[in-house]
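The structure appears below as structure tokens.
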Ligand code: GLC
């Protein structure tokens, strides 16, 4: 008791001292003070050189703090799917640390395919904990560039073709990451929709397409997600590089959207000091690099926002107004991250993170086709299962560009299947084809030896032989993040599967009726064999738990509930960017261009009509439509109803539909709401996604799903008046299970 009294006395005595201590601390170091006061206090203590020092890189992935004042450096890390391994101070090559392996989460196309905002929050929380544990202040992701062409090398890092889906799915990811005191850096702002000529393409498009298609996900990231940083894109818009662009940064991002965070350049995206000063760039990284491999050494003092900027101030051409605003935003970022006293400690490679990756994968894998209910694999019948294809073995977490990782582990599809069914059935393997036998990126090696001496014909013969006597054949192919096969800085060269996979698949289909094709990719591919193959699964790049998630879906432990976040066209000419152009750029300019430095114009002639907006308008039959995905159970929809049939502009309207699980096992369905404006003064798509809800139903269970919308869901961007407008008139609410699977239509009127 006595001891307690003494302790209490002690603490009572020390308390005022502590309080005095805190009060004595300068404001910028006092965590009880509001951030804005701390920013101003720190700013006025900094010298001109110190201010210049904090607005550009000091190493490949860090920017300087103010050592004299105890203001810490800021550390950036890729990427959207996991925490990139440490590189040397001024190199892209590995630093060779042994504590920087990570969990690879599934690619963001898979996250989008879950159509489940809870999965996005789980994803952000998990990857944010890994970034926090690795002491990183900014996570260079997520990417939300719209899927304009299936040839774009980086679509696997993004969230599909629809702005509403991408906007809903990016917000929880941001919140999950930033709850760890780590900033997200939503990228690439904006109009980076291809990798071909990514540094020199000047995108030309109408304002409606810009505001209705390409900006909404970024706007949601800023206004709802409250992202603390945004990354400028490489390409140009209106003749200015996106990293220092008057329209995108000063007018839209800052003035219209009220963004208070920092704008970070892409690595090598800065090209002009004066533009960087006046057009809102705050943190210059990677100048003179291609963002991946080559780069100038230790040029940090020569960065556009380094001594060249200092000289312009010293010459009197510029004052310090712009500089102080840049420093304010960098300091604000620092107080939210590096100097955030409340942030949690994070964790790395935890079982929880592995489980999160597996769950997100299981929710994102899409069952595209399942004739004769070949799937799920019936283990009571399966005595021998043939697994065919290089992607059943090949590590997918190494490669693909800046999102490449050094993982703690990666379960291959073959290993996942062996683990899950090896005790009940014989699992045999045949390669079937040779794709990309390499397995290293920036010095990270997969450790796999995929060298192959046999000819294609020998490999094909072996695969067919193995398939003949199997109860099931699981072909696992697709793309593989090597050059031109879903990879940064290189677009695909066509829609077809590479490496003669179509031939292998057709031959397998001839010898086994229980053929399942799993396509591992971040893009749509052509499927000339679609009518020969009973079961088709879109497998995505699934990260560390790939094999376990895939096996779980194929044997039916998990019931697939993913839906496509982009259209699978039958052929490239069915894609607006290819039918109407321009892709990959203005033909004449490309033909006469003599240097890689030449700016090439890329006109988005299709305007708003991207993805299902284009196939709807032109009545184009798709291979598989946006929003498509099957289940091992079935669902019935009742007739949808509305709570009113006319609404005023400041009103809300609610649509309700009953959905019933008419199968014999629990499943999840994504009920989609599209809005159709029956008459408008400007052209509009036939319908546009304006709501979705993922609902779990036990066998026989029925639930009511409702959507409440307001005028925003009816509005389009009027580029004449530069404002969003909902025009009075007739509308329809379209309840659907995909862009073409319409379950019911409810007419209503806006007064
Ligand atoms: C790359 C990418 C960007 C990445 C950055 C750092 O070139 O475009 O997404 O975060 O440079 O690696």
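Readers should treat all values here as calculations from the given coordinates under stated rules, not as data from a laboratory. For clarity, every value in this text was computed on a predicted model and none was experimentally measured. Positions of Cβ are backbone-derived with ideal geometry, glycine not excepted, and every protein chain shown enters the neighbour counts.
Packing around the peptides 49-61, 355-367, 613-625, taken as the average count of other Cβ atoms within 10 Å per residue, puts them in this order, highest first: 355-367, 49-61, 613-625.
Remark: spin-label model distance residue 503-residue 95 equals 4.7 nm, labels positioned 7 Å along the Cα→Cβ axis.
If you fit an axis through the alpha-carbon atoms of helix 163-178 and take the longest principal axis of the Cα set of the chain, what angle between them do you get, 0 to 90°, nearest 10? The helix 163-178 is inclined about 50 degrees to the chain. When both bridge partners sit in the chain, DSSP labels roughly 55% of those beta bridges antiparallel. Exposure proxy shown here: for 91, 157, the number of other Cβ atoms within 10 Å sets the order, fewest to most, as 91, 157. Helical runs assigned H by DSSP (4 residues or longer) give the chain a calculated mean residue ellipticity at 222 nm of -7500 deg cm²/dmol, each run adding -39500 (n - 2.57) before division by the residue total. A simple spin-label model places the labels of residue 617 and residue 636 3.9 nm from each other, with each point 7 Å out along Cα-to-Cβ. Using DSSP, restrict attention to beta bridges with both residues in segment 149-304 and report what percent are antiparallel, rounded to the nearest 5. DSSP beta bridges in segment 149-304 are roughly 20 percent antiparallel. Stretching the chain fully between residue 246 and residue 372 yields a gain of 39.7 nm (0.36 nm per residue, less the alpha carbon separation). The ranking of 339, 396 from fewest to most other beta carbons within 10 Å of each one's beta carbon is 339, 396.
Here, P(r) means the percent of Cα pairs in each 10 Å bin from 0 to the largest distance; for segment 602-656 it is 16, 23, 36, 22, 3. Against the chain, whose longest principal axis is taken from its Cα atoms, helix 351-364 shows a tilt of about 50°. Put a dot 7 Å past the Cα of residue 571, heading toward its Cβ, do the same for residue 311, and the two dots end up 5.7 nm apart. Computed from Cα positions, the angle between helix 35-45 and the longest principal axis of the chain comes to roughly 50 degrees. Exposure proxy for 583, 173: other Cβ atoms within 10 Å of each Cβ, ordered fewest to most, give 583, 173. A straight chain from residue 745 to residue 710 at 0.36 nm per residue would run longer than the Cα-Cα distance by 10.8 nm.
Computed from the C-beta positions of residue 448 and residue 730, the FRET efficiency with R₀ = 51 Å rounds to 0.30.
The alpha carbon centroids of segment 213-282 and segment 107-155 are separated by 19 Å. Between the alpha-carbon centres of segment 509-556 and segment 418-454 there is a gap of 16 Å.
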